[in-house]
Amino acid sequence: MKAKFIFILFIFLPLLAVLAKKKSDENTKFAKAIKISDLIKLDGKLNEAAWTKPAINEFTQKDPSEGQPATENTNVWVAYDESAVYIAAKLYDSKPELIDASLSRRDNWIESDWFIFYVDSYNDKKNGYYFAVNAGGSIVDGVLYNDSWNDDSWDGIWESNVKIEDDGWSLEMKIPFNQLRFQESDNIKWGINFERQIKRNNESSYYVMVPKNENGFVSRFAELDGLNGIKPKQRFEILPYIVQKAQYLDHDPSDAFYKSNQYKTTVGADFKIGFGSNLTLDATLNPDFGQVEVDPAVVNLSAFETYFDEKRPFFIEGSNTFLFGIGGANNNWGFNFGWPTMFYSRRIGRSPQGEILDEYDDFSVDSPNETNILGAAKLTGKINETTTLGLISALTQKTNARIFTDRGETLNQEVEPFTHYGVLRTQKEFNGGNQSLGFMFTSVNRDLSNQNLRDVLAKDAYTFGLDGWTFLDDDQTYVLTGAFSGSYTSGSKEYLLNLQERPYRYFQRPDASFARIDSGRTSLSGVYGRLMLNKQKGNFYINSGLGFVTPGYEHNDLGFQFNADKINAHTVLGYRWFEPDGFFRSHWSYVAAFRSYNFDGDFVHGGFGTFNYFKFMNYYSLQINAFYNPETRSNRHTRGGPIALYPSNYYFEMIAGTDSREELILEFGAEYARDHIGGKYYSIRPNLIWKPSSQIYFSFGPQYSSNNERIQWVDNIEDDFAVNTFNNRYVFAEIDQQTLSANIRMNWTFTPTLSLQAFIQPLFAIGKYNRFKELSEPGSLNYNVYDENNISYNTDDEEYTVDPDGNGPAGNITFGNPDFNIKSFRANVVLRWEIVPGSIFYFAWSHDQNHDEHPGDFNFSRDFKDLWSAPANDIFLVKFSYWVDM
């Protein structure tokens, strides 16, 4: 009944949209581009004739005093020749001695004095680029999408220079036309905007300022006219590279393969080819991504894999093209049910999935940590003004592990097959962007000629999807977004059996009725669907969604999946105060509720809570969140066993921060949670940021957490005498877990093109299990605690032996010691030098140490010494890539 009520509520929410006001006429600003024939010398001095023409000015504040004129004058000019567009700006300052000219590495936003040029070169009112330069000459660039979102993963090849003078500072930019995408015509019109940031005032002012209670950004741009007769040359860029790697790893002295892998030289190349001014083909051959930052160490006690962000440049650039379901709305709430990640690029080149068969008494193994990408190509851009296109095709190499046996043989064992990955994404807008319809298709095809790999991998996996949005009123206040997706996966019976038993599915549950395990399956299919209503602007806010995903939906071969077998609904209501009131500069408060059911009708997740944010007049900030989750019927808690009740719980979070402009910044976060059977969790995470000079940034973020869980899963053990729980014993325990870690970063920028980055992460995670018990009744919170007199521990085998029913007929059961003491130290240092635009030299060092002795016993002094003395893995890398513009 409750689920039906939420469904009815959701259906009627869109009716609110008909009450919205009609869109009012808005004044569009105009600007003129200057055609030049003289050479522009990029020295930041503005002594060329083009910069004596009438300037673009009259900037308006968005912060701190929305709607007021900017406190300092800014003049801007736009010029162009046959090959590039030029931007010049004179940024007057009445206190030039207070101009902040801090340095930062590329694409690293810092508190400073900035000038930003925004351009919608397609003039589609949705997408664009931005180019930012600060008073120290540091640069940031990226793309704009979905009207108001940005992504700094795109790196264009352009030039700039700055000059600080007695009356302010000035800059010049040169952006080649072949770095932009636009429709060629005799009279090209672009959308443009400019922003100036003054650090000491915490001021941001725009040529076209969009009020905070309004929606959109790109759609409000001024119109740039005068770009006549542009004929950019065909874009063809080559970026060859060479990498020299030296590895000093912890290894067995008898390892026959270690020395042959210690020093490696790799060559490869990236290509960028333009098809007209609309489409760009990116290709890479034998790519190497050794300069990227290492992933942080994590301790994951759940049944689900950990999500790590993509960090490889080829895949992150333009990744927003391949987002699914996200578009139209400027906010997307999920509540453990978001839009599906149909393309998770880290699947390409992942660690080999095959296992080494243990058929020999004594052997050494050389198994690669990643799969080699033979080549990949990506086509992105626009077919016309309203239709975007994205294509990815990648081939990964058949990967073998080498085995040196006790008989003196060297054998090859396939651990990852030759695989093709494909993605197609297209989206078309209608009626000036008021509606959109998109399509997405992904494919994974493997050569599974090896029998062992057929049991662990799908032969073919496909997903397809339709998504889009429609605004419900002329004022574009309310938008309805939706997505529908289907999947089909085929493989061997053994693989499909494993697929049915994955933790977001658990077809093997003995009490499941809607979807049951089928050992004869050779394929699996399913569907996903979701609708969401969002209010785009104004003080009052509402967001509501309804979605479902069937038990057989599977997109994990090329996506990232955490959901199946779920029906979800949520509603968020809130109010936002955008104007200062003497105490707060701005603040907002939301209340939210959500519920999730599986296809058997069980209430598996739900809750209601509040989110609150406050920015004080002194620019300090405070966020307070609180949530209550009622008791639910979990279909995942027993990890393939029957439904079990999960206790009600509540959760609090507080996040605070000082003024980000200061030399010393303090941030602090804390969490506390407790359930009604006594389990509790808390964490504290201070973060100190220190900027001792205009070139150095240092942050130190320690974190401590304590988790006392009363029903932590341990094991599932078959036992014919466990008749109350479907002939299985579902073993749980209480766990006392402590985690101490720190994220330490240092950025030292010597010049805008030469920087040094360092990342260090020590981690100590200790878990002690006690009071072992088993679920005594499905669908309950009842557990039988094992009598300590019936438990023994074998230190040699590291196993517990338990008599589960004392004097009863059941025999003993055994399970491994789940205690752990994980100690990790990871470090990564990267020196980056952009010798000339587009040509980069890298020196990188990655280091890691691990130690796991003394499980369940935390002694910081001893554990620190153990970690310090643990064997280390060190990898040194030198990479040089040279940009050639053909």
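The values are calculated or read from the model by the stated rules, or taken from the named source; none is laboratory data. None of these values were measured; they are calculated from a predicted model. Don't worry about glycine lacking a Cβ; one is built from the backbone with ideal geometry, like all the others, and counts go over all protein chains shown. Keep in mind that these areas ignore ligands, DNA and RNA; they rest on the heavy atoms of the full protein, side chains included. Shrake-Rupley method; radii C 1.70, N 1.55, O 1.52, S 1.80 Å.
A few points about this structure:
- Charge dipole of the range 69-194 (Cα centre as origin; +1 on each Lys and Arg Cβ, -1 on each Asp and Glu Cβ, all else neutral): 220 debye, rounded to the nearest 20.
- Largest-first ordering by accessible area, 1.4 Å probe, given options His851, His420: His420, His851
- Placing +1 on the Cβ of every Lys and Arg and -1 on the Cβ of every Asp and Glu, with nothing else charged, gives the chain a dipole about its Cα centre of roughly 2780 debye.
- For the pair Ser869 and Leu249, a Förster radius of 25 Å applied to the C-beta separation gives a FRET efficiency near 0.90, rounded to the nearest 0.05.
- In units of the rule-of-thumb radius 2.2 N^0.38 Å, the range 52-182 shows an alpha carbon radius of gyration of 1.06.
- The ellipsoid that matches the Cα gyration tensor of the chain has semi-axes, each √(5λ) in whole angstrom, of 49, 34, 29, with the longest given first.
- Treating each Cα of the range 731-783 as an identical point scatterer and summing with the Debye formula, the log10 of I(q)/I(0) at q = 0.29 Å⁻¹ comes to -1.05.
- The calculated Kirkwood hydrodynamic radius for the range 406-478 is 16.3 Å, given to one decimal from all distinct C-alpha pairs.
- Between Leu98 and Glu799, residue separation times 0.36 nm minus the direct Cα-Cα distance comes to 245.7 nm.
- The stretch between Asp518 and Phe271, if pulled fully straight at 0.36 nm per residue, gains 84.2 nm over its current Cα-Cα span.
- With 5 Å bins from 0: P(r) over the range 548-596, alpha-carbon pairs, percent: 5, 15, 15, 11, 11, 10, 9, 10, 8, 5, 2
- Residue-count net charge about Gly328 - beta-carbon cut-off 15 Å; Lys, Arg +1, Asp, Glu -1: 0
- Taking all protein chains together and a 1.4 Å probe, the residues Lys459, Lys311 rank Lys459, Lys311 from largest to smallest accessible area.
- Cα-based equivalent ellipsoid, the range 682-779: semi-axes from gyration tensor eigenvalues, Å: 49, 14, 9
- Local electrostatic count at Phe464 - Lys and Arg +1, Asp and Glu -1, tallied over other residues with Cβ under 15 Å: -3
- Ligands, DNA and RNA excluded, the heavy atoms of Trp713 present near 60 Å² of accessible surface to a 1.4 Å solvent probe.
- Residues in the range 741-769 that a label on Phe860 would reach, taking backbone N under 20 Å of a point 7 Å out along Cα→Cβ: 741-745, 760-768
- Helix-only mean residue ellipticity at 222 nm for the chain, each DSSP H run of n ≥ 4 adding -39500 (n - 2.57), per residue, nearest 500: -1000 deg cm²/dmol
- Counting all C-alpha pairs of the range 311-398, share separated by more than 22 Å (%): 50 percent
- Accessible-area composition of the chain, carbon plus sulfur, in percent [1.4 Å probe]: 53 percent
- Mean projected area in nm² (Cα convex hull; one quarter of hull surface) for the range 507-626: 10.3 nm²
- Taking the average, over residues, of other Cβ atoms within 10 Å as the packing measure, peptides 237-244, 216-223, 543-550 rank 543-550, 216-223, 237-244 from highest down.
- For the range 816-876, fraction of C-alpha pairs farther apart than 20 Å, in %: 48 percent
- Inter-site label distance for Asn625 and Ile696 at 7 Å from Cα along Cβ, in nm: 3.5 nm
- Per-peptide packing, taken as the mean over residues of other Cβ atoms within 10 Å, places 29-36, 838-845, 320-327 in the sequence 320-327, 838-845, 29-36 from highest down.
- The peptide list 573-579, 531-537, put in order of mean Cβ contacts within 10 Å with the highest first, becomes 531-537, 573-579.
- Using every pair of separate Cα atoms, the Kirkwood estimate puts the hydrodynamic radius of the range 710-839 at 18.6 angstrom.
- Pairs of Cα atoms farther than 14 Å apart, the range 600-658, %: 64 percent
- Inverse of mean 1/r across different Cα pairs in the range 423-534, Kirkwood, Å: 16.6 Å
- Among the protein heavy atoms, those of Trp109 account for about 100 Å² of accessible surface (1.4 Å probe, every chain in place).
- For the range 176-241: span of alpha carbons on each principal axis (Å, largest first): 43, 38, 20
- Label sites at Glu579 and Glu663, each approximated as a point 7 angstrom past Cα along Cα to Cβ, lie 3.8 nm apart.
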